[in-house]
Every structure is written in structure tokens, then in C-alpha cells.
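Below is one structure; the comments refer to it alone.
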Amino acid sequence: MAERTFKIHRFNPEKDEKPYFQEYRFEVESGWSILDSLNHIKWNIDSSLNFRRSCRSGICGSCAMRVNGENALACETQVKNVKGSKIKIEPLPGLAVMRDLVVDMEPFFEGLKKVMPYFVTKDSPPDKEWLQSPEDRKKLDEPIKCILCACCTASCPSFWFDDKYVGPAALVKSYRFVFDSRDQAREERLDIVNDREGLWRCHTIFNCVEACPKDINCTQAIAELKKATVFSTV
Amino acid sequence: MFDYLRYKWRLGMLAHILHRLSGIVLMMYLVVHLWVTHYLSTGEANGETFEYLMKFFSIPLFRLAEVGLLGVVLYHALNGLRIILIDTGWGVKYQKTIFWTLCAIGGLAFLYGAYRFLFPLLG
């Protein structure tokens, strides 16, 4: 048990002219995550606090927010690992704030929709399933871990300045299908990401890699797509 | 712009911002450089202007500025190499190690260059 102070971004568009920070100080039990602390505030201190959460186990990707200046999943961030006298909690940057810690995810999902985030097959389906060798499957180990929490895309300065940029999450999704041996729309996919609002907006800043709660190396995936694009057009 | 200041700065972000800033400095230097060198090709009469400018730029203040320019050029060139490596998928996982290695190489080159630029002033 230790007492901690949480400095939380508050904004209610119906009441407040502009956002402000509100502080809450309370005893944090050992083992509590940031999400546990937010739940404690909502259930016991101030029920007006708004934030998204669902699974509380790092699968749904709902509780992405900025903790002490860096995007993370609230449920996967242990309070004891967060340094500083105050724990500052803000909504994801680069996305419009709807209320308190809730942001409008629409631009994020628009980017995702652009890269065709679904299987495309042109041949008639086989009798059973589409087969894939263990080696080919291994190539997808990293990108399929993505839970679409938007920690990466909302940490990207290129996205802050231009929300038409599809963002690292969408590019990782594109990678996931481009390098899937069963997919049959490789050229179309590369054509989509070979765009100024696609691959070439990435300036290798690595914020996405630092922010990803699933340890996906987005920059590596983007670099592989850049190479595939260049070699498929030369 | 505001988001830059409120987001936590990691090495990648720092390298990126410095790359942009050094790029702007080099752009400005290039304009001055072209302005000075254009006097070289404007005939006999103006050759004197070039000589005059060269003398003007040889005062200690500009010597110091030259050392600064060397630093900016080194940073932009070496980090540019790092970006090329990353863009082609090499050593993405070791971007921090690559950054610090290039910093060490650049640092040594800078010290040597600064010594060569400033040595005439000391003697």
C-alpha cells in the first residue's frame, strides 16, 4: 500500500470550455494497474470520470492512453513501475478528445480500412483449409499480435500532423497480409501503401516501437514494405 | 506542434528532431554559400568582391561558426546514413546502438576538424 497522486485530464464538451487537470490522491494497493486505479476513482471517488476499458487483460485494446507522456495500455501498466510524484494520465494524442480520456478513434480506423485488412483470395477455395507451411506462418508471428489499441499510431508525429496518414498500425496490418503466403492481392496492397499518405509518411521516429504494448517492431514492418514496394515497381 | 512538447522524448524522436533542425540550418547555409560563390563567376571587376568577402569571413567569429557548421554537417550526414540503413530494413532493432556508434565517429571527426579549423587562430 502506498499513497499516489493521479493527475487526470478532464473535459466535458457540454460543460467545460477547455480541458483541465484534476488530481486524485489515494492508497494504491500492491499489484494495481493504472486501470485498477482509474476504476477505483470511478467507482469510489468520482463517477463522472470517463474512460474506455473492457477486458482488463491486454487483449481488447480499449484502454490505450498516455501515461506520464507516453502511450500505453492502462491495464498493462503497473502503478509501481510508473515513476514520478504524480502520475499524469491523458487521452491519446493526435485524436480528437470526446470526453475526459475518451478519443474519437475514427481517423485511426479510416487508416486501417484503407489497407484492406482482410484476406483476399482469387483462386477457388481448396477442399479443406488454405494450407501454409510452418516457416511461412512464422513470418506472421509479430504482426498478428496487434490488438488495434492505437498506441502506435497516436504516438506518431507524422500522424499528429496529418491524420490522413494511415499510421503504423494500418501498415503493420498491411504487412501481415502482404507477407502471408495464402493472400493473393499482394500487388494491390503494395499499390495502396505506396503513397505519400502511406509508407512514405514514416520518418523512422520509433515512437510506435517504444509505445507498442505487444512489442511489435512497426518500423521493421514498414521498412520491409518499403523494400517490397521498391522491388515490385522497379 | 504542441504534441511534440508533451510527448515523452525517446532517442528516435531526438534523432528525428535534430535531423530536421540540422537540415534547416544547412538549407540556410546553402543560400549564403551560393550567394558568396556567385561572385566568383561574375567577371574580373567583381572578383574583388569575392576576395573582400573571403577576408570578411576569415575573422575568428566565422571560424567558430565554421566549426559549428562542421558539427551540423556531420550530424546530418551520419544520421542520414542511419536513416538509409533503417529504411532498407538493416539494423532496425539496433537503431540506438547505431545512433551512438555514429555519434562516437562523428564526435572524433568533429574534434579533429575543430582542431584543424581553430589551430591557425591559436598560432
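The values are calculated or read from the model by the stated rules, or taken from the named source; none is laboratory data. Being a predicted model, the structure only gives us computed values, none of them experimental. Note: ideal-geometry Cβ built from the backbone for every residue, glycine included; neighbour counts use all protein chains shown. For accessibility, only protein heavy atoms count, side chains too; no ligands or nucleic acids. Shrake-Rupley method; radii C 1.70, N 1.55, O 1.52, S 1.80 Å.
Using a 7 Å offset from the Cα along the Cα-to-Cβ direction at both residue B:48 and residue B:21, what is the distance between the two label points in nm, to one decimal?
Modelled inter-label distance: 4.3 nm.
How much FRET efficiency would the formula 1/(1 + (r/R0)^6) give for residue A:70 and residue B:40, where r is the Cβ-Cβ distance and R0 is 41 Å, rounded to 0.05?
The formula returns an efficiency of 0.20 here.
Residues with amide H under 5 Å of residue A:71's amide H, sequence separation 5 or more or different chain, H placed in the peptide plane at 1.01 Å from N; which?
When sequence neighbours closer than 5 places are left aside, there are no close amide H contacts.
Counting only DSSP beta bridges with both residues in segment A:2-103, what percent are antiparallel, rounded to the nearest 5? Provide the component values of the computation, followed by the final result.
Values: 18 of 22 bridges.
DSSP beta bridges in segment A:2-103 are roughly 80 percent antiparallel.
Once ligands and nucleic acids are excluded and a 1.4 Å probe is used, how much of residue A:4 is accessible, expressed in Å² to the nearest 10?
40 Å²
Over the Cα atoms of chain A, what radius of gyration and what Dmax do you get, in Å?
Both quantities, over Cα of chain A: 20.0, 62 Å.
HN-Hα J couplings of segment A:40-46 from phi, Karplus 6.51/-1.76/1.60, θ = phi - 60°, integer Hz, Gly and Pro as x?
4, 4, 5, 7, 10, 10, 8
What residue among A:123, A:16, A:195 has the largest mean-square fluctuation in a Gaussian network model of chain A, using Cα springs under 10 Å?
Result: A:123 has the largest fluctuation of those listed.
Once you have the Cα-Cα distance between residue B:105 and residue B:33, take 0.36 nm times their residue separation minus that, and quote the gain in nm to one decimal.
That pair, residue B:105 and residue B:33, stretches by 23.3 nm at full extension.
Apply 1/(1 + (r/R0)^6) to the Cβ-Cβ distance of residue A:27 and residue A:98, taking R0 = 25 Å, and write down the FRET efficiency to the nearest 0.05.
That pair, residue A:27 with residue A:98, gives E of 0.25.
Take chain A, connect every pair of alpha-carbon atoms lying under 10 Å apart with a spring to form a Gaussian network, then pick out the residue of A:59, A:34, A:45 with the largest mean-square fluctuation.
Among A:59, A:34, A:45, the largest GNM mean-square fluctuation belongs to A:45.
Just report the Cα centroid separation between segment A:81-117 and segment B:20-91, whole Å.
Going from one Cα centre to the other spans 41 Å.
Just the C-alpha atoms of segment A:106-233: what Rg/Rh do they give, with Rh taken as the Kirkwood radius?
Values: Rg = 14.4 Å, Rh = 14.9 Å.
With Rh from the inverse mean 1/r over Cα pairs, Rg/Rh is 0.97.
Over chain A, with a Gaussian network built from C-alpha contacts below 10 Å, which listed residue (A:19, A:168, A:117) shows the highest mean-square fluctuation?
The residue with the greatest mean-square fluctuation here is A:19.
Taking Cα atoms, how many degrees apart are the long axis of helix B:60-87 and the longest axis of chain B, rounded to 10 and kept between 0 and 90?
Tilt of helix B:60-87: around 40 degrees.
Mark the label point 7 Å from the Cα of residue A:144 along Cα→Cβ and return the residues of segment A:174-203 whose backbone N is within less than 19 Å of it.
A:174-186, by backbone N distance to the label point.
Report, ordered by chain and residue number, the aspartates and glutamates lying within cross-link reach of residue A:138, taken as a straight Cα distance under 17 Å and ignoring same-chain residues fewer than 8 apart.
A:180, A:183, A:215, A:224
Would you pull out the residues with amide H under 5 Å of residue A:33's amide H, same chain only if 5 or more places away, H placed 1.01 Å from N?
A:79
For residue B:90 and residue A:14, what does the FRET efficiency come to when R0 = 56 Å and r is the distance between their Cβ atoms, rounded to the nearest 0.05?
Between residue B:90 and residue A:14 the formula returns 0.60.
So how much accessible surface do B and A hide from each other in total, probe 1.4 Å, in square angstrom to the nearest 100? Each step should come with its number before you reach the end.
Values: alone 9390 and 12500 Å², together 19790 Å².
Chain pair B/A: roughly 2100 Å² of buried accessible area.
How many percent of DSSP beta bridges within the protein assembly as shown run antiparallel, rounded to 5?
If we restrict to bridges inside the protein assembly as shown, about 80 percent are antiparallel.
Within segment A:169-194, find all residues whose amide N lies under 16 Å from a label point positioned 7 Å from the Cα of residue A:133 along Cα-to-beta-carbon.
The answer is A:179-183, whose backbone nitrogens lie closer than 16 Å to the label point.
Specify the angular offset, from 0 to 90 degrees and rounded to the nearest 10, of the alpha carbon long axis of helix A:167-178 from the longest principal axis of the alpha carbons in chain A.
Orientation of helix A:167-178: about 30 degrees from the principal axis.
If we sort B:12-22, A:71-81 on the protection proxy, mean other Cβ atoms within 10 Å, highest first, what's the order?
Put in order of decreasing packing, that is A:71-81, B:12-22.
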